[in-house]
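Remarks on the structure that follows.
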Number of protein chains: 2
Amino acid sequence: MPDLPFTFTLPTPELIPSHYDNHIQRRLSALKGQFLDEKAYAEMLGREDTLLYEVYEITRPQAAGELLTGLSVVHPGKVGGEFFMTKGHFHAVLETAEVYLCLKGEGFMVMENPEGECVVERLAPGKVLYVPPRWAHRSVCTSRQEDLVTFFIYPGNSGHDYGTIEQQGFRKLVMDSPAGIVIVDNPRWNKK
Amino acid sequence: MPDLPFTFTLPTPELIPSHYDNHIQRRLSALKGQFLDEKAYAEMLGREDTLLYEVYEITRPQAAGELLTGLSVVHPGKVGGEFFMTKGHFHAVLETAEVYLCLKGEGFMVMENPEGECVVERLAPGKVLYVPPRWAHRSVCTSRQEDLVTFFIYPGNSGHDYGTIEQQGFRKLVMDSPAGIVIVDNPRWNKK
């Protein structure tokens with residue numbers, strides 16, 4: 001054997017919970033209409049229905065006073081210039097909050113409320129993000145190679161409203177550009 | 001200078017949140033009547049009102065749908081054979097849960113409900129603990145040198161009932177012994 005450089009991997013945490021009741025895998029086809037560059041989206045989907053993100057959930061009663069927890073893993077990648085992201089949602093019970101703790105990777109949480117306010121917060125390991133009641137939220141992975149992994153907690157009675165975002169999108173997009181990552185207005189917001 | 005062994009410390013995370021609204025410090029005197037060995041308690045208190053644990057809280061409205069978050073730091077030490085611990089409490093709104101994520105250290109969460117069930121769960125970094133509605137809970141630090149640090153989340157309307165535990169104690173105690181850490185029945189439970 002030639003004396004070549006070699007690598008091996010020390011056991012690093014896989015960041016998959018040791019117990020979960022439900023494993024959701026969301027692929028490109030589940031985010032139809034959400035990415036700005038429809039041509040790039042169609043081309044990518046023609047090649048493969050790429051896995052964008054995964055969620056590991058713990059089942060609990062969907063009742064006020066209960067807490068739902070889980071792990072969100074957004075994989076790295078782009079559709080055109082737009083980074084891989086989650087569908088994003090409002091809570092069906094709008095007056096419920098959510099807490100995220102970033103465990104790994106880099107990215108952003110894109111948020112907006114029905115009053116028209118929007119905030120985009122950077123996520124990095126160790127960062128806790130409080131999403132107040134009334135704020136829709138979407139995670140975006142901006143690393144080139146690494147998953148964005150967050151631990152989330154929300155009230156048991158929150159529910160999910162995916163429809164509003166599917167219909168109108170988020171007001172802000174997180175895009176790659178020659179100058180780096182940029183956060184831009186969504187030209188198609190509420191115009192679908 | 002002689003060429004002696006020396007040490008220095010690389011910047012390790014201090015595990016104090018970069019932002020908090022309230023910093024609670026609970027000393028030995030705040031846990032009067034909770035430790036089994038009253039003689040050891042009195043002697044220790046005679047020397048110093050030792051700091052047992054600290055809580056860093058983020059203020060939010062105390063409303064259902066909101067989430068209260070913070071960091072709990074239980075310092076290492078013993079009163080007689082009993083490890084340093086938090087006061088422990090039920091939630092005033094009994095039907096509310098709590099989630100703990102252990103970030104550092106080693107210890108236990110001692111839990112019981114009004115129905116007489118009790119569970120003692122081991123805490124270690126990366127472990128998530130779900131405390132269901134109705135369960136009182138107390139953290140215990142069992143490391144010789146290291147703090148037990150946990151990140152906690154509970155519903156905004158939970159409130160605290162410290163009085164029940166102050167009056168009756170927990171059913172289980174976490175004690176040091178020549179054979180190691182033992183979890184024993186509390187001989188004074190409900191007998192104060």
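What follows is calculated from the coordinates using simple rules that are stated; it is not laboratory data. Every value quoted in this text rests on a predicted model; they were computed, and no experiment measured them. Neighbour counts are summed over all protein chains in view; Cβ atoms, including those assigned to glycine, are modelled from backbone coordinates with ideal geometry.
Full extension of the chain between A:GLN62 and A:GLU43 yields a length gain of 2.9 nm, computed as 0.36 nm times the residue separation minus the alpha carbon distance. Restricting the calculation to Cα atoms, the protein assembly as shown yields a radius of gyration followed by a Dmax of 24.2, 77 Å.
Note: chain B, Cα convex hull, 161 Å³ per residue. Along the axis of the charge dipole computed for the stretch B:1-80 (Cβ charges of +1 for Lys and Arg, -1 for Asp and Glu, origin at the Cα centre), the listed residues B:ALA42, B:VAL73, B:PRO17 are led at the positive end by B:ALA42. Take each peptide in A:100-111, B:72-83, count the other Cβ atoms within 10 Å of every residue, and average; sorted highest first, the result is A:100-111, B:72-83. The modelled label-to-label distance between B:ASN190 and B:ASP3, using points 7 Å beyond Cα along the C-beta direction, is 6.9 nm. Scanning chain B for the beta carbon that comes closest to the axis linking it by rotation to A yields B:ILE153, 2, distance in whole angstrom. Counts of other chain beta carbons within 10 angstrom of each beta carbon in peptide B:97-105 average 3.
What size of dipole, in debye to the nearest 20, comes out for the protein assembly as shown about its Cα centre when the only charges are +1 on Lys and Arg C-beta atoms and -1 on Asp and Glu C-beta atoms? Working shown, then result.
Numbers: 38 positive and 50 negative charges, 59 e Å.
That gives a dipole near 280 debye.
Ordering of A:172-178, B:39-45 by packing is A:172-178, B:39-45, highest average first (other Cβ atoms within 10 Å, averaged per residue).
Net charge dipole, the stretch B:76-157: roughly 240 debye, given to the nearest 20, about the Cα centre with Cβ charges of +1 for Lys and Arg and -1 for Asp and Glu. Each Lys and Arg Cβ is given +1 and each Asp and Glu Cβ -1; about its Cα centre, the stretch B:1-101 then shows a dipole of about 200 debye. Net charge in the neighbourhood of B:PRO155 (other residues with Cβ under 10 Å of its Cβ; Lys, Arg +1, Asp, Glu -1) is -4.
Quote the relative contact order of chain B in percent (integer), defining contacts as alpha-carbon pairs under 8 Å separated by 6+ residues. Over chain B, the number comes to 23 percent.
Using only atoms on other chains, find how many Cβ atoms lie within 10 Å of each Cβ of peptide B:62-75 and report the average. Before the final figure, lay out the partial values.
Details: counts 0, 3, 8, 14, 7, 12, 2, 6, 1, 1, 0, 0, 0, 0.
If you average over the peptide's residues, the count of other-chain Cβ atoms is 4.
Just checking the listed ones, A:GLU166, A:GLU66, A:GLU54: in the Gaussian network model of chain A with Cα springs under 10 Å, the one fluctuating most is A:GLU66. Per-residue mean of foreign Cβ neighbours for B:17-24 is 1 (Cβ atoms of other chains, 10 Å radius).
The length gained by stretching the chain between B:SER177 and B:HIS23 to full extension, at 0.36 nm per residue less their Cα-Cα distance, is 52.1 nm.
Return the subset of A:LYS32/A:LYS127; B:LYS104/B:LYS191; B:LYS78/B:LYS191; A:LYS78/B:LYS127 for which the Cα-Cα distance in this structure is over 25 Å, preserving the input order.
Details: A:LYS32/A:LYS127 30 Å; B:LYS104/B:LYS191 35 Å; B:LYS78/B:LYS191 23 Å; A:LYS78/B:LYS127 33 Å.
Beyond 25 Å between Cα atoms: A:LYS32/A:LYS127; B:LYS104/B:LYS191; A:LYS78/B:LYS127.
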